[in-house]
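Novice: One structure, as structure tokens, below. Some questions next.
The values are calculated or read from the model by the stated rules, or taken from the named source; none is laboratory data. A quick note: this is a predicted structure, and the numbers were derived from the prediction, not measured. We place every Cβ from the backbone using ideal geometry, glycine too, and count neighbours over all the protein chains shown. Quick note on the areas: whole protein, heavy atoms, side chains included, nothing else; ligands and nucleic acids left out. Shrake-Rupley method; radii C 1.70, N 1.55, O 1.52, S 1.80 Å.
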Amino acid sequence: MQESADLKPFNTFGVAARARALARVRSVADIQEALSWAEARGLPILIMGGGSNLLFAGDYPGVVVRIEVPGRTLLHSEGDDLLLEVGAGENWHRLVVACLEEGWFGLENLALIPGTVGAAPVQNIGAYGVELDSVCTGVVALERDSGRQVTLDRDACRFAYRDSVFKHSQQDRLIITAVRLGLSRRAHLHTDYPSLREELDRRFPGAEVTPAQVAEAVCAVRRARLPDPAQLPNAGSFFKNPVLSADAFSGLQEQARHRQLQVPWFATTDPAQRKLPAAWLLEQCGWKGRRIGAVGVHDQHPLVIVNHGEGTGAELLALARDMQRSVRDRFGILLEPEVRIIEGAAGDTSLQQDSPEIVGKKL
Ligand SMILES: Cc1cc2nc3c(=O)[nH]c(=O)nc-3n(C[C@H](O)[C@H](O)[C@H](O)COP(=O)(O)OP(=O)(O)OC[C@H]3O[C@@H](n4cnc5c(N)ncnc54)[C@H](O)[C@@H]3O)c2cc1C
């Protein structure tokens, strides 16, 4: 247990927050020990992995438990199908690479997403047309109250777009210790996502591609479009893409037409819904490439908030709030953060997290 710990090396925003204590845990017994230590002192607990989806708005007044539980076990293998159980502390991208090397397919579109395996189900990580729930068959977790190990199947995880039960009712109750993945020795490729398709056509024109080549193209597109946190600290997309009802969307489109604006959208699995690119909304509000002191918005990707140097969590949060407010005022849509904001010991640090809704019709 490290007291008064500096969290800067442990969050990809590079925010210099301190925790009352930090425990780096490699087993269930370690986790239980950290929980008891916190309980004996009446301190709150924050579970974290790689810190790539967190914003520390200030110092954390409790115990940060950093999950570093290792392990990869092949639980079952039959014909082309296999079931893998992976320790929550394993690095996600290294797992993707290792699976490709084994000839175990299904994770290729999710290459190069930062963070740990244990955090992947929390927001049902997704990229280039694939989400974790297409391969995750369940998780193993430690129940904080009872100290029991429980397993949740896929349905119990309640996966949705960048969402799961681990962001809601189970957030402070379950600690994921392992994730189960159903993979295949036969490739079922997803190559329709436009930027991925373009990259594949450019690299391998006319050829039938392999899962490794899909992963290679995904990495190339990501490296070209997203800033590397090691060079320019960030937490990826700060906001989710808002999902509107088809009716609300037509209202918005109607308003936009008067301004000669064409509002882009994607289909979702529900034909009554429209998903809007939050990046487009932010770009319309003039956020792309803006800098305010030590913090700013990436010049190629308006959804990515960046820390140019010694920006604080409070400055990053203030910027996020301004961005959220401007989209609400102009389009009547409330952007919901994808990044989890960890409130400090003092101060009003909340960012509205309601579902997106049309609250006005200003354009
Ligand atoms: C450059 C960049 C690009 C990104 N691209 C994508 C992308 O394409 N798609 C995408 O979905 N995400 C993306 N992200 C976001 C991030 O990588 C994912 O959300 C990732 O899963 C976070 O992993 P982590 O280990 O860093 O989690 P952390 O940031 O440490 O934690 C995230 C949340 O999970 C909880 N948590 C962590 N571990 C556990 C556990 N074992 N048990 C219970 N709760 C836990 C934490 O309490 C917190 O609420 C990107 C981030 C960056 C910096």
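Novice: Tell me which residues, restricted to the stretch 264-279, are modelled with pLDDT under 90 and closer than 20 Å to Pro194 by Cβ.
Specialist: Once the filter is applied, which keeps residues that are modelled with pLDDT under 90 and closer than 20 Å to Pro194 by Cβ, the stretch 264-279 yields Phe266, Ala267, Thr268, Thr269.
Novice: Can you confirm whether Thr312 is of a type in the set (S, T, N, Q), open to solvent by 40 Å² or more (accessible area, probe 1.4 Å) and at pLDDT below 95?
Specialist: no
Novice: Separate question: I need a count of the residues in the stretch 261-284 that are out of contact with any strand residue (DSSP E or B) (no Cβ under 7 Å at 6 or more places or on another chain), open to solvent by 30 Å² or more (accessible area, probe 1.4 Å) and in a loop (DSSP other than H, G, I, E, B).
Specialist: 6
Novice: Of the conditions (1) in contact with a His (Cβ under 7 Å, 6 or more places away or on another chain); (2) more than 11 Å from the ligand (Cβ to nearest atom), Cys157 satisfies every one except a single condition; which number is it?
Specialist: Of the numbered conditions (1) in contact with a His (Cβ under 7 Å, 6 or more places away or on another chain); (2) more than 11 Å from the ligand (Cβ to nearest atom), the odd one out for Cys157 is (1).
Novice: Another question, then. Which is open to solvent by 20 Å² or more (accessible area, probe 1.4 Å) and closer than 14 Å to Glu283 by Cβ, of Arg325, Arg330, Arg340?
Specialist: Arg330
Novice: Could you give me the residue pairs with C-beta distances under 8 Å whose first residue belongs to the stretch 161-179 and is within 19 Å of Gly71 (Cα to Cα), whose second residue is near the ligand (Cβ under 7 Å from one of its atoms) and open to solvent by 40 Å² or more (accessible area, probe 1.4 Å) wherever it lies, and which are 6+ apart or on separate chains?
Specialist: Hits for this filter: Ile175/Ile47; Ile176/Ala119; Ile176/Val122.
Novice: Would you mention how many residues in the stretch 337-363 are charged (D, E, K, R), modelled with pLDDT of 95 or more and part of a loop (DSSP other than H, G, I, E, B)?
Specialist: 1
Novice: How about the stretch 285-297: which of its residues are within 17 Å of Pro229 (Cα to Cα), open to solvent by 10 Å² or more (accessible area, probe 1.4 Å) and either modelled with pLDDT under 95 or touching a helix residue (DSSP H, G or I) at 6+ places or on another chain (Cβ under 8 Å) (or both)?
Specialist: If the condition is that a residue be within 17 Å of Pro229 (Cα to Cα), open to solvent by 10 Å² or more (accessible area, probe 1.4 Å) and either modelled with pLDDT under 95 or touching a helix residue (DSSP H, G or I) at 6+ places or on another chain (Cβ under 8 Å) (or both), then Ala294 is the only one that fits.
Novice: Could you grab me the full set of residues in the stretch 51-68 that are open to solvent by 30 Å² or more (accessible area, probe 1.4 Å), within 13 Å of the ligand (Cβ to nearest atom) and either at pLDDT below 95 or out of contact with any helix residue (DSSP H, G or I) (no Cβ under 7 Å at 6 or more places or on another chain) (or both)?
Specialist: Selection gives Asn53, Glu68.
Novice: With the checklist (1) more than 29 Å from Glu33 (Cβ to Cβ); (2) near the ligand (Cβ under 8 Å from one of its atoms); (3) among the aliphatic types (A, V, I, L, M) in hand, flag the one item Ala141 doesn't pass.
Specialist: Condition (1) is where Ala141 drops out.
Novice: What's the number of the condition Leu282 fails, among (1) within 14 Å of the ligand (Cβ to nearest atom); (2) at pLDDT 95 or above?
Specialist: So Leu282 meets the others, but not (1).
Novice: Can you confirm whether Ser4 is without any contact (Cβ under 8 Å) to a residue 40 or more places away in the chain, hydroxyl-bearing (Ser, Thr, Tyr) and in a strand (DSSP E or B)?
Specialist: Taking the combined requirement at face value, the residue satisfies it.
Novice: Then there is this: Looking at (1) under 30 Å from Gly296 (Cα atoms); (2) within 16 Å of the ligand (Cβ to nearest atom); (3) over 22 Å from the mean Cα position of the chain (by Cα), which one does Arg18 not meet, given that it meets all the others?
Specialist: With respect to (1) under 30 Å from Gly296 (Cα atoms); (2) within 16 Å of the ligand (Cβ to nearest atom); (3) over 22 Å from the mean Cα position of the chain (by Cα), Arg18 is out only on (2).
Novice: Here's another thing I want to ask about it. Mind checking whether some residue in the stretch 23-44 is away from the ligand (no atom under 12 Å from the Cβ) and in a strand (DSSP E or B)?
Specialist: yes
Novice: Give the stretch 30-47 a look and list any residue that's open to solvent by 10 Å² or more (accessible area, probe 1.4 Å) and closer than 26 Å to Trp92 by Cα, or say none.
Specialist: Result: Asp30, Gln32, Glu33, Leu35, Ile45, Ile47.
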